[in-house]
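In what follows, a single structure is set out as structure tokens and then discussed.
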Amino acid sequence: MQYVQNSWYVAGWAREFDRSLTRITMLEQDIVVYRSEAGEAIALEDRCPHKLLPLSKGKLIGDTVQCGYHGLTFDCSGACVRVPGQDNIPDTAKVHSFPVFERHDIVWIWMGDPEKADTSKVFNLPQFTDPNWAAHQGDALYLKSNYINVADNLC
């Protein structure tokens with residue numbers, strides 16, 4: 001299936017991501033999302049390069065994610081920073097890191113070339129911060145339907 005790659009996509013409401021490892025699937029890619037100790041949303045490929053175990057099944061240690069299989073540990077950029085039992089970290093021991101941006105209590109993930117991620121392109125609805133308006137943050141709707149039907153209904 002082909003998707004628009006160089007675009008921002010909604011990962012979820014900001015309140016949905018905390019100091020736990022949360023797995024989401026976007027454009028058929030599994031992503032683990034969590035918050036750093038400073039509160040920044042982090043999004044990494046949810047697949048350890050060693051045995052392909054989802055990192056979301058691992059453990060959050062400070063700002064790093066430790067794989068639950070052999071303990072390889074990855075930082076917020078996706079770089080492996082620890083391999084138990086050895087000092088040498090292979091160059092291939094890394095996972096893809098996705099650019100993340102938050103606006104209006106929404107977490108957005110850039111699903112494309114990180115060099116092209118432009119936060120000025122993130123959808124902006126000024127009413128979200130206008131005191132004369134009230135924004136409602138409802139739960140996700142799971143529908144067995146083409147996304148165009150949902151978008152048409154919301155418009």
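The values are calculated or read from the model by the stated rules, or taken from the named source; none is laboratory data. For clarity, every value in this text was computed on a predicted model and none was experimentally measured. Here the Cβ positions follow ideal geometry from the backbone for every residue, glycine too, while neighbour counts run over all protein chains shown. Just the protein is used for accessible areas: all its heavy atoms, side chains included, with ligands, DNA and RNA removed. Shrake-Rupley method; radii C 1.70, N 1.55, O 1.52, S 1.80 Å.
Comparing the range 9-155 with the 2.2 N^0.38 Å rule of thumb, its C-alpha radius of gyration ratio is 1.18 (two decimals). Taking a Cβ cut-off of under 9 Å around Cys76, the surrounding Lys, Arg, Asp and Glu residues balance to a net charge of -3, with basic ones at +1 and acidic ones at -1. Taking the 1.4 Å solvent-accessible surface of the range 17-155 as the whole, the part contributed by carbon and sulfur is 50%.
Scaled against the 2.2 N^0.38 Å expected of a compact globular protein of N residues, the Cα radius of gyration of the range 1-94 reads 1.10.
Per residue, the range 1-100 exposes an accessible area of 55 Å² to a 1.4 Å probe, with every protein chain left in place.
Mean residue ellipticity at 222 nm, helices only, the chain: -1500 deg cm²/dmol; runs of at least 4 DSSP H residues each add -39,500 (n - 2.57), and the sum is divided by the number of residues. Residue ranges 45-57, 132-144, 73-85 sort as 45-57, 73-85, 132-144 when ordered by packing (mean number of other C-beta atoms within 10 Å per residue, highest first).
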